[in-house]
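Below is one structure; the comments refer to it alone.
The values are calculated or read from the model by the stated rules, or taken from the named source; none is laboratory data. A quick note: this is a predicted structure, and the numbers were derived from the prediction, not measured. Here Cβ is always computed from backbone atoms with ideal geometry, including for glycine, and neighbour counts include all displayed protein chains.
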Amino acid sequence: MAEQRQAIDSAQALSHYVGANSIHLVLLVTHVNPFLAFFFSARVLQSFDTEECKCYSATVKITLASMKGGVAKTTTAVHVAAYLAELGPTVLIDADPNNSACSWAKRGNLRFPVLPLLKAIGIGSQYEHIIVDTQARPKPEELRDLVEGCDLLIVPTTPDPLSLEGMMLTLSTLKRFGAENYRVLLTIVPPEPIPEGKIARQELEAVGIPLFKHTIRRLMAFQRAAADGVVVNEVRDRNARLAAMDYEYIAEESLAIVESRSRSVTAS
Ligand SMILES: Nc1ncnc2c1ncn2[C@@H]1O[C@H](COP(=O)(O)OP(=O)(O)OP(=O)(O)O)[C@@H](O)[C@H]1O
Ligand SMILES: [Mg+2]
(Lines give C-alpha, C1' and ligand atoms only; values in the text may rest on other atoms or scores of the structure.)
(Ligands and ions follow the chains in the order given, each with its own letter.)
Protein backbone atom coordinates (compact mmCIF):
# COMPACT_ATOMS: atom_id res chain seq x y z
CA MET A 1 0.00 0.00 0.00
CA ALA A 2 2.79 2.39 0.97
CA GLU A 3 4.62 1.45 -2.22
CA GLN A 4 1.51 2.18 -4.28
CA ARG A 5 1.13 5.58 -2.60
CA GLN A 6 4.78 6.28 -3.33
CA ALA A 7 4.30 5.23 -6.95
CA ILE A 8 1.33 7.59 -7.30
CA ASP A 9 3.29 10.46 -5.69
CA SER A 10 6.19 9.79 -8.03
CA ALA A 11 3.87 9.68 -11.02
CA GLN A 12 2.34 13.00 -9.98
CA ALA A 13 5.79 14.53 -9.62
CA LEU A 14 6.70 13.18 -13.04
CA SER A 15 3.50 14.56 -14.55
CA HIS A 16 4.76 17.98 -13.51
CA TYR A 17 7.54 17.47 -16.08
CA VAL A 18 5.56 15.80 -18.83
CA GLY A 19 2.37 17.89 -18.61
CA ALA A 20 -1.04 17.26 -17.04
CA ASN A 21 -2.36 15.25 -19.99
CA SER A 22 0.24 12.58 -19.43
CA ILE A 23 -0.64 11.77 -15.81
CA HIS A 24 -2.88 8.82 -16.70
CA LEU A 25 -0.24 7.28 -18.88
CA VAL A 26 2.40 7.75 -16.19
CA LEU A 27 0.15 6.26 -13.50
CA LEU A 28 -0.61 3.28 -15.70
CA VAL A 29 3.03 2.56 -16.46
CA THR A 30 4.03 3.09 -12.83
CA HIS A 31 1.47 0.59 -11.54
CA VAL A 32 2.21 -2.02 -14.15
CA ASN A 33 5.95 -2.01 -13.67
CA PRO A 34 8.01 0.45 -11.61
CA PHE A 35 11.11 -0.63 -13.54
CA LEU A 36 9.54 0.46 -16.83
CA ALA A 37 8.20 3.59 -15.15
CA PHE A 38 11.66 4.81 -14.29
CA PHE A 39 12.97 4.28 -17.80
CA PHE A 40 9.81 5.77 -19.25
CA SER A 41 10.51 8.84 -17.15
CA ALA A 42 14.16 8.83 -18.29
CA ARG A 43 13.03 8.78 -21.92
CA VAL A 44 10.48 11.54 -21.36
CA LEU A 45 13.15 13.65 -19.69
CA GLN A 46 15.47 12.97 -22.62
CA SER A 47 12.79 14.24 -24.97
CA PHE A 48 12.90 17.53 -23.04
CA ASP A 49 16.59 17.78 -23.75
CA THR A 50 16.12 20.24 -26.59
CA GLU A 51 17.31 23.68 -27.62
CA GLU A 52 14.42 25.33 -25.71
CA CYS A 53 15.01 23.38 -22.50
CA LYS A 54 18.65 22.73 -21.65
CA CYS A 55 17.83 21.85 -18.03
CA TYR A 56 18.56 18.11 -18.38
CA SER A 57 21.29 18.20 -20.98
CA ALA A 58 24.06 18.30 -18.36
CA THR A 59 22.97 15.02 -16.77
CA VAL A 60 25.03 12.00 -17.78
CA LYS A 61 23.14 8.70 -17.36
CA ILE A 62 25.19 5.51 -17.17
CA THR A 63 23.53 2.12 -16.75
CA LEU A 64 24.98 -1.27 -15.86
CA ALA A 65 23.31 -4.30 -17.39
CA SER A 66 23.95 -7.87 -18.44
CA MET A 67 22.09 -11.07 -19.16
CA LYS A 68 24.62 -12.74 -16.83
CA GLY A 69 24.67 -12.48 -13.05
CA GLY A 70 27.71 -12.01 -10.82
CA VAL A 71 29.82 -10.07 -13.34
CA ALA A 72 30.41 -6.99 -11.14
CA LYS A 73 27.50 -4.76 -12.20
CA THR A 74 26.92 -3.53 -8.65
CA THR A 75 30.64 -3.21 -7.87
CA THR A 76 31.10 -1.19 -11.06
CA ALA A 77 28.04 0.99 -10.39
CA VAL A 78 29.25 1.84 -6.86
CA HIS A 79 32.81 2.68 -7.93
CA VAL A 80 31.92 4.66 -11.05
CA ALA A 81 29.40 6.62 -8.95
CA ALA A 82 32.02 7.22 -6.25
CA TYR A 83 34.46 8.68 -8.76
CA LEU A 84 31.83 10.84 -10.50
CA ALA A 85 30.57 12.09 -7.12
CA GLU A 86 33.97 13.80 -6.73
CA LEU A 87 33.24 15.76 -9.91
CA GLY A 88 29.63 16.77 -9.30
CA PRO A 89 26.27 15.78 -7.78
CA THR A 90 25.79 12.06 -8.41
CA VAL A 91 23.10 9.53 -7.53
CA LEU A 92 23.16 5.75 -7.79
CA ILE A 93 19.78 4.23 -8.56
CA ASP A 94 19.29 0.63 -7.49
CA ALA A 95 16.94 -0.93 -10.04
CA ASP A 96 17.72 -4.47 -8.89
CA PRO A 97 14.91 -5.99 -6.79
CA ASN A 98 17.65 -7.68 -4.73
CA ASN A 99 18.63 -4.17 -3.57
CA SER A 100 22.34 -4.98 -3.65
CA ALA A 101 23.47 -1.37 -4.03
CA CYS A 102 21.08 -0.13 -1.32
CA SER A 103 22.31 -2.87 1.01
CA TRP A 104 25.91 -1.90 0.25
CA ALA A 105 25.12 1.68 1.25
CA LYS A 106 23.26 0.60 4.40
CA ARG A 107 26.15 -1.59 5.59
CA GLY A 108 28.57 1.29 5.67
CA ASN A 109 29.07 4.74 4.33
CA LEU A 110 28.97 5.89 0.72
CA ARG A 111 29.41 9.59 0.03
CA PHE A 112 26.63 9.80 -2.54
CA PRO A 113 22.92 8.91 -2.36
CA VAL A 114 21.78 5.43 -3.34
CA LEU A 115 18.04 5.33 -4.09
CA PRO A 116 15.74 2.39 -4.68
CA LEU A 117 13.93 2.56 -8.00
CA LEU A 118 10.59 3.78 -6.66
CA LYS A 119 12.19 6.74 -4.92
CA ALA A 120 14.03 7.66 -8.10
CA ILE A 121 11.12 8.23 -10.46
CA GLY A 122 11.17 11.78 -11.72
CA ILE A 123 14.61 12.75 -10.40
CA GLY A 124 17.04 14.28 -12.82
CA SER A 125 17.77 17.94 -12.97
CA GLN A 126 19.60 18.19 -9.64
CA TYR A 127 22.19 15.54 -10.55
CA GLU A 128 25.05 15.77 -13.00
CA HIS A 129 25.50 12.00 -13.04
CA ILE A 130 22.91 9.25 -12.68
CA ILE A 131 24.26 5.70 -12.40
CA VAL A 132 21.77 2.83 -12.61
CA ASP A 133 22.46 -0.68 -11.33
CA THR A 134 20.12 -3.36 -12.65
CA GLN A 135 19.23 -6.97 -12.04
CA ALA A 136 20.81 -9.77 -14.06
CA ARG A 137 18.90 -11.30 -16.95
CA PRO A 138 16.62 -8.42 -17.99
CA LYS A 139 13.96 -9.30 -20.55
CA PRO A 140 14.79 -8.08 -24.09
CA GLU A 141 12.23 -5.26 -23.91
CA GLU A 142 13.64 -4.18 -20.52
CA LEU A 143 17.12 -4.12 -22.03
CA ARG A 144 15.80 -1.92 -24.84
CA ASP A 145 14.32 0.52 -22.29
CA LEU A 146 17.57 0.48 -20.34
CA VAL A 147 19.76 1.29 -23.32
CA GLU A 148 17.39 3.91 -24.74
CA GLY A 149 17.09 5.57 -21.32
CA CYS A 150 20.82 6.19 -20.85
CA ASP A 151 23.83 7.83 -22.48
CA LEU A 152 26.07 4.81 -21.98
CA LEU A 153 25.27 1.20 -21.14
CA ILE A 154 28.17 -0.65 -19.54
CA VAL A 155 28.05 -4.44 -20.05
CA PRO A 156 30.50 -6.04 -17.63
CA THR A 157 31.81 -9.53 -18.26
CA THR A 158 34.41 -11.72 -16.61
CA PRO A 159 36.79 -13.50 -18.99
CA ASP A 160 35.36 -16.99 -18.42
CA PRO A 161 33.41 -18.74 -21.20
CA LEU A 162 30.00 -18.73 -19.47
CA SER A 163 30.18 -15.05 -18.72
CA LEU A 164 31.40 -14.23 -22.24
CA GLU A 165 28.46 -16.20 -23.61
CA GLY A 166 26.06 -14.13 -21.47
CA MET A 167 27.72 -10.95 -22.71
CA MET A 168 27.39 -12.03 -26.37
CA LEU A 169 23.70 -12.73 -25.80
CA THR A 170 23.31 -9.26 -24.27
CA LEU A 171 25.06 -7.68 -27.24
CA SER A 172 23.01 -9.55 -29.83
CA THR A 173 19.83 -8.28 -28.10
CA LEU A 174 21.20 -4.72 -28.06
CA LYS A 175 22.10 -4.94 -31.75
CA ARG A 176 18.56 -6.08 -32.55
CA PHE A 177 17.38 -2.73 -31.18
CA GLY A 178 20.01 -0.84 -33.16
CA ALA A 179 21.73 0.32 -29.96
CA GLU A 180 25.26 1.68 -30.28
CA ASN A 181 25.70 3.44 -26.94
CA TYR A 182 27.25 0.51 -25.08
CA ARG A 183 30.72 -0.73 -24.09
CA VAL A 184 31.89 -4.05 -22.73
CA LEU A 185 34.00 -4.00 -19.57
CA LEU A 186 36.24 -6.92 -18.64
CA THR A 187 35.97 -7.43 -14.89
CA ILE A 188 37.35 -9.73 -12.17
CA VAL A 189 40.30 -10.43 -14.46
CA PRO A 190 42.81 -12.84 -12.87
CA PRO A 191 46.36 -11.50 -12.41
CA GLU A 192 49.19 -12.13 -14.91
CA PRO A 193 50.63 -14.58 -15.83
CA ILE A 194 47.12 -16.14 -15.97
CA PRO A 195 46.32 -15.40 -19.63
CA GLU A 196 42.46 -15.37 -19.58
CA GLY A 197 42.09 -11.59 -19.52
CA LYS A 198 44.51 -11.00 -22.40
CA ILE A 199 43.01 -13.79 -24.51
CA ALA A 200 39.45 -12.55 -23.94
CA ARG A 201 40.46 -9.00 -24.94
CA GLN A 202 42.23 -10.18 -28.11
CA GLU A 203 39.30 -12.34 -29.16
CA LEU A 204 36.69 -9.65 -28.51
CA GLU A 205 38.73 -6.99 -30.30
CA ALA A 206 39.22 -9.33 -33.26
CA VAL A 207 35.45 -9.49 -33.79
CA GLY A 208 34.98 -5.74 -33.33
CA ILE A 209 33.31 -5.70 -29.92
CA PRO A 210 33.53 -2.21 -28.37
CA LEU A 211 35.60 -2.60 -25.21
CA PHE A 212 36.80 -0.27 -22.50
CA LYS A 213 40.56 0.22 -22.88
CA HIS A 214 41.14 -0.66 -19.25
CA THR A 215 40.16 -3.86 -17.40
CA ILE A 216 39.25 -4.43 -13.77
CA ARG A 217 41.59 -6.75 -11.92
CA ARG A 218 40.42 -9.53 -9.63
CA LEU A 219 41.34 -8.22 -6.19
CA MET A 220 40.14 -9.25 -2.75
CA ALA A 221 39.92 -5.57 -1.84
CA PHE A 222 36.64 -5.32 -3.81
CA GLN A 223 35.01 -8.05 -1.75
CA ARG A 224 36.17 -6.31 1.44
CA ALA A 225 34.70 -3.03 0.22
CA ALA A 226 31.33 -4.67 -0.45
CA ALA A 227 31.36 -6.35 2.97
CA ASP A 228 32.18 -3.07 4.76
CA GLY A 229 29.78 -0.98 2.67
CA VAL A 230 32.48 1.43 1.52
CA VAL A 231 34.44 2.10 -1.67
CA VAL A 232 37.57 0.14 -2.26
CA ASN A 233 40.15 2.82 -1.43
CA GLU A 234 38.73 2.97 2.10
CA VAL A 235 39.47 -0.67 2.99
CA ARG A 236 42.61 -1.88 4.73
CA ASP A 237 44.23 -3.75 1.91
CA ARG A 238 47.59 -3.28 0.24
CA ASN A 239 45.92 -3.30 -3.19
CA ALA A 240 43.17 -0.83 -2.28
CA ARG A 241 44.68 2.10 -4.21
CA LEU A 242 45.37 -0.06 -7.27
CA ALA A 243 41.78 -1.31 -7.20
CA ALA A 244 40.37 2.21 -6.94
CA MET A 245 42.51 3.35 -9.88
CA ASP A 246 41.02 0.65 -12.10
CA TYR A 247 37.58 2.22 -11.74
CA GLU A 248 38.90 5.77 -12.03
CA TYR A 249 40.07 4.90 -15.56
CA ILE A 250 36.64 3.42 -16.35
CA ALA A 251 34.74 6.44 -15.02
CA GLU A 252 36.96 8.83 -17.00
CA GLU A 253 36.64 6.77 -20.16
CA SER A 254 32.85 6.63 -19.69
CA LEU A 255 32.63 10.42 -19.53
CA ALA A 256 34.87 10.73 -22.61
CA ILE A 257 32.65 8.26 -24.55
CA VAL A 258 29.46 10.14 -23.62
CA GLU A 259 31.03 13.47 -24.52
CA SER A 260 32.30 12.28 -27.89
CA ARG A 261 28.93 10.67 -28.72
CA SER A 262 27.06 13.84 -27.83
CA ARG A 263 29.51 15.90 -29.94
CA SER A 264 28.95 13.63 -32.96
CA VAL A 265 25.14 13.77 -32.48
CA THR A 266 25.28 17.59 -32.32
CA ALA A 267 27.48 17.72 -35.44
CA SER A 268 25.20 15.46 -37.52
N1 LIG B 1 37.32 -6.92 -9.35
C2 LIG B 1 36.87 -7.81 -8.49
N3 LIG B 1 37.72 -8.66 -7.86
C4 LIG B 1 37.28 -9.59 -7.01
N5 LIG B 1 35.98 -9.78 -6.70
C6 LIG B 1 35.08 -8.97 -7.28
C7 LIG B 1 35.46 -7.95 -8.20
N8 LIG B 1 34.34 -7.32 -8.63
C9 LIG B 1 33.31 -7.91 -8.00
N10 LIG B 1 33.75 -8.90 -7.18
C11 LIG B 1 32.94 -9.79 -6.36
O12 LIG B 1 32.16 -10.61 -7.26
C13 LIG B 1 30.86 -10.83 -6.75
C14 LIG B 1 29.83 -10.33 -7.75
O15 LIG B 1 29.97 -8.93 -7.87
P16 LIG B 1 28.67 -7.99 -8.03
O17 LIG B 1 27.70 -8.23 -6.92
O18 LIG B 1 29.15 -6.60 -8.21
O19 LIG B 1 28.09 -8.57 -9.39
P20 LIG B 1 26.65 -8.33 -10.04
O21 LIG B 1 26.82 -8.46 -11.50
O22 LIG B 1 26.09 -7.06 -9.55
O23 LIG B 1 25.84 -9.57 -9.47
P24 LIG B 1 24.23 -9.77 -9.58
O25 LIG B 1 23.95 -10.23 -10.97
O26 LIG B 1 23.96 -10.83 -8.54
O27 LIG B 1 23.58 -8.47 -9.27
C28 LIG B 1 30.81 -10.11 -5.41
O29 LIG B 1 31.14 -11.02 -4.39
C30 LIG B 1 31.90 -9.05 -5.53
O31 LIG B 1 32.45 -8.66 -4.28
MG1 LIG C 1 24.25 -6.68 -8.62
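Among the candidates 258, 235, 231, single out the residue that is more than 16 Å from residue 158 (Cβ to Cβ), among the β-branched types (Val, Ile, Thr), within 16 Å of ligand 2 (Cβ to nearest atom) and in contact (Cβ under 8 Å) with a residue 12 or more places away in the chain. So that I can check it myself, show each step before the final result.
Working: 258 fails: within 16 Å of ligand 2 (Cβ to nearest atom); 235 fails: within 16 Å of ligand 2 (Cβ to nearest atom).
From the options 258, 235, 231, the qualifying one is 231.
The requirement of being buried (at least 22 other Cβ atoms within 10 Å of the Cβ), among the β-branched types (Val, Ile, Thr), at pLDDT 95 or above and within 13 Å of ligand 2 (Cβ to nearest atom) is satisfied by residue 93.
Counting only residues that are over 11 Å from the mean Cα position of the chain (by Cα) and of a type outside the set (D, E, K, R), which one in segment 58-71 is farthest from residue 142 (Cα to Cα)? It would help to see each step written out before you state the result.
If we filter segment 58-71 for residues that are over 11 Å from the mean Cα position of the chain (by Cα), which is where we start, we get 58-59, 67-71.
Now narrow it down to the ones that are of a type outside the set (D, E, K, R): 58-59, 67, 69-71.
Working: 58: 25, 59: 22, 67: 11, 69: 16, 70: 19, 71: 19 Å.
Among those residues, the one meeting the criterion is 58.
The residue that is nearest to ligand 1 (Cβ to nearest atom), among those in segment 199-222 that are surrounded by fewer than 16 Cβ atoms within 10 Å (Cβ to Cβ), in contact (Cβ under 8 Å) with a residue 12 or more places away in the chain and not hydrophobic (A, V, I, L, M, F, W, C), is 213.
Considering segment 223-244, the residues that are more than 13 Å from residue 108 (Cβ to Cβ) and of a type in the set (A, V, I, L, M, F, W, C) include one that is surrounded by the most Cβ atoms within 10 Å (Cβ to Cβ), namely 243. Considering (1) surrounded by 15 or more Cβ atoms within 10 Å (Cβ to Cβ); (2) farther than 22 Å from residue 188 by Cα; (3) not polar (S, T, N, Q), the lone condition that residue 259 does not fulfil carries the number (1).
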